Amino acid sequence: MSLKIAFIGAGRMAAAMVRGLLANPSQLPADIVCTAAPDGTAEALSKATGIGVSYDWQRLFSHADWVVLACKPQQLKDLPPELADWTAGRRILSILAGTSLQTLSTRFPKASAVVRTMPNTPGMIQAGMTVFAPLKPLSDEDHAATLAILGSLGKVIEVDEKDINGVTGVSGSGPAYVFEFVAALRDGGIAAGLDPALSYELALETVKGAAALLEAVPETPETHRNWVSSPGGTTLAGLAVME
């Protein structure tokens, strides 16, 4: 079944969701439409994927069963107040960081379902980790649709809303911590005299391989760390500096 979806916002995460959705042959581009600031992003997404574009708010929602909030969190207050009526009976799925279900339900009081989510940037290559929390228990149909929409980014887990702040710190912000770690490994290699391109390749492949090993050999990270750390060796010395 092809879901009928309207995206408010056409940035990287919206584009990732659209591409992930369209990877399913049953999802029709004609059933997805987007709007965004008049900066060309909506038109670019439309050209790349075949979905529709509309700057007429009422027309935007006329065919949609689901509305995905993919704009910047601070832009929510600037959306037309008439959205409360225009989204009546529709399902709201928000990827806005730091925006509570209470805020969303106040903004969209007539929606039939409201779902708060926290995706992360690896969703851009369908390798993401996304959690979601509904305002109220979802019907079987809406639950399946939520999994389908968010599954376009990668893995999906349902959580209680009280856990989303913690999730934000771990998986929402976590990719940035990994990127910073890779950059530090690269720069450390350069400082030790390595060619910059070689040092970056070593750092990147080391992190990729370590993550794959964690997944393939189901021991704790601490156990894997200890296997690498010989008494009096260089790894323990490096870990001491990190601590």
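The values are calculated or read from the model by the stated rules, or taken from the named source; none is laboratory data. These figures come from a predicted structure and were not determined experimentally. Cβ placement follows ideal geometry from the backbone for every residue including glycine, while neighbour counts extend to all protein chains displayed. Calculation scope for accessible area: heavy atoms of the full protein, side chains included, ligands and nucleic acids excluded. Shrake-Rupley method; radii C 1.70, N 1.55, O 1.52, S 1.80 Å.
Assign one of three labels to region 1-156, namely rounded, prolate or oblate, based on the Cα gyration tensor with a ≥ b ≥ c the square roots of its eigenvalues; rounded applies when a/c is under 1.5, prolate when it is not and a/b is larger than b/c, and oblate otherwise.
rounded
Order Lys208, Lys136, most accessible first, counting only protein heavy atoms with a 1.4 angstrom probe.
My answer, sorted largest first, is Lys136, Lys208.
Can you work out the accessible area per residue across region 107-176, with the rest of the protein chains kept in place, probe 1.4 Å, in square angstrom?
47 Å²
Might you work out the accessible area of Asp195 for me, using a 1.4 Å probe with all protein chains in place, and round it to the nearest 10 Å²?
Per-residue accessible area (Asp195): approximately 90 Å².
Only four residue types carry charge here, +1 at the Cβ of Lys and Arg and -1 at the Cβ of Asp and Glu. Report the dipole size of region 172-226 about the Cα centre in Debye, rounded to the nearest 20.
40 debye
Compute the helix-to-body angle for 196-216: its Cα long axis versus the longest principal axis of the chain, expressed 0 to 90° and rounded to tens.
The answer is roughly 80 degrees.
Mind giving me the nanometre distance, one decimal, between the label points for Thr223 and Leu198, set 7 Å out from Cα along Cα→Cβ?
3.6 nm
Ordering Glu43, Glu243, Glu180 from largest to smallest accessible area (1.4 angstrom probe), what's the sequence?
Glu243, Glu180, Glu43
Can you list residues from other chains, or at least 5 along the same chain, whose modelled amide H is less than 5 Å from the amide H of Val131?
Those lying under 5 Å, H to H, from Val131 are Met118, Ile157.
Pick out, from Ala14, Pro29, Thr121, the residue whose Cα sits farthest towards the positive end of the charge dipole of the chain, with +1 on the Cβ of Lys and Arg and -1 on the Cβ of Asp and Glu.
Highest projection toward the positive end goes to Pro29.
Number of Lys-Lys pairs in the chain under 23 Å by Cα, sequence gap 8 or more or different chains?
14
Rolling a 1.4 angstrom probe over the protein chains, ignoring ligands and nucleic acids, what is the accessible area of Phe179 in square angstrom, nearest 10?
Looks like 120 Å² after rounding.
Can you tell me the relative contact order of region 55-189? Whole percent, Cα pairs under 8 Å, sequence separation 6 or more.
18 percent
Which residue fluctuates the most in the chain, going by a Gaussian network model with Cα springs under 10 Å, if the choices are Thr106, Thr130, Thr168?
Thr106
Among Ser105, Ser229, Ser152, determine the one that fluctuates most according to a GNM of the chain built with springs between C-alpha atoms less than 10 Å apart.
Ser229
Using a 1.4 angstrom probe on the protein heavy atoms only, could you order Lys72, Lys47 from most to least accessible area?
Per-residue accessible area, sorted high to low, gives Lys47, Lys72.
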